[in-house]
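The values are calculated or read from the model by the stated rules, or taken from the named source; none is laboratory data. Note that the structure is a prediction, hence the values are computed from the model and not measured. When we count neighbours, we look across all protein chains shown, and the Cβ atoms used for this are built from the backbone with ideal geometry, even at glycine. Note: accessible area is taken over every heavy atom of the protein model, side chains too, but ligands, DNA and RNA are not part of it. Shrake-Rupley method; radii C 1.70, N 1.55, O 1.52, S 1.80 Å.
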Amino acid sequence: DFVVTDEQHFMVYDKDVSYILAESVNERGHTFKDLGTRSPAVWAYDYGKGRVVYLAPGHTVPALWNPEYEKLQQNAVRWLQRQI
């Protein structure tokens, strides 16, 4: 677990929830439409012969360079390349 202060994106996620690796939480209680204060922020899944990773955080330099988020980005690339 790690915390970054960043722009939050709200979306409707229509895939299997087991693919969600992280979610964003609006600690101020702000919502968008009827989506609540939480939204999927990181997910990964196999797609045909390929793989897909989505990472929502990283819109500010402090968020992008957070050591735990850097580790997540590096692991995502390694997973996409089938190194892990």
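Could you identify the single residue in G29, G36, G58, G48 that is open to solvent by less than 40 Å² (accessible area, probe 1.4 Å) and without any contact (Cβ under 8 Å) to a residue 12 or more places away in the chain?
Values: G29 fails: open to solvent by less than 40 Å² (accessible area, probe 1.4 Å); G58 fails: without any contact (Cβ under 8 Å) to a residue 12 or more places away in the chain; G48 fails: open to solvent by less than 40 Å² (accessible area, probe 1.4 Å).
Criteria check complete, one pass: G36.
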Please give the number of the condition E23 fails out of (1) charged (D, E, K, R); (2) within 14 Å of the chain's Cα centre (by Cα); (3) assigned to a loop (DSSP other than H, G, I, E, B).
-> (3)
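Is there a residue in segment 7-19 that is in a strand (DSSP E or B) and closer than 22 Å to R78 by Cα?
Residues of segment 7-19 in a strand (DSSP E or B): none.
Checking segment 7-19: not a single residue is in a strand (DSSP E or B) and closer than 22 Å to R78 by Cα.
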